[in-house]
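Accompanying notes for the structure given below.
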Amino acid sequence: MDTRNQNREIQTPALIAYHVTERGEQSYWTRIGAAWGHEDAKGMTVQLDLIPANGGRIVLREAGQEPENNEG
């Protein structure tokens with residue numbers, strides 16, 4: 001593992017990735033990954049643990065903000 005990957009694992013992610021599906025008027029949020037800012041502030045690295053296969057959308061939220069099921 002190179003140093004960049006080790007640093008990213010230690011850092012708190014800037015954004016959390018969620019897969020959001022709609023069923024009727026209810027939204028269901030599932031955490032699927034995270035994103036870290038680059039040192040030069042010109043981009044981000046996104047790591048997804050799951051990739052949605054059946055529609056829905058991916059929403060990125062600031063770390064520390066847990067969404068409620070109807071949010072977004």
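Bear in mind these aren't lab numbers, they're just calculated from the coordinates by the rules spelled out. In this text, all values refer to a predicted model and were calculated from it rather than measured experimentally. A quick note on method: Cβ atoms are made from the backbone with ideal geometry, for glycine too, and the neighbour counts reach across all protein chains shown.
Residue order for 38, 19, fewest other beta carbons within 10 angstrom first, comes to 38, 19.
In this rough spin-label picture, where each label sits 7 Å from Cα along the Cβ direction, the residue 60-residue 30 distance is 2.1 nm. Taking the fewest neighbouring Cβ atoms within 10 Å as the starting point, the ordered list for 60, 15 is 60, 15. For segment 6-55, the set of trypsin sites (Lys or Arg not before Pro) satisfying both a DSSP loop assignment and a count of at most 15 other C-beta atoms within 10 Å is given as 42.
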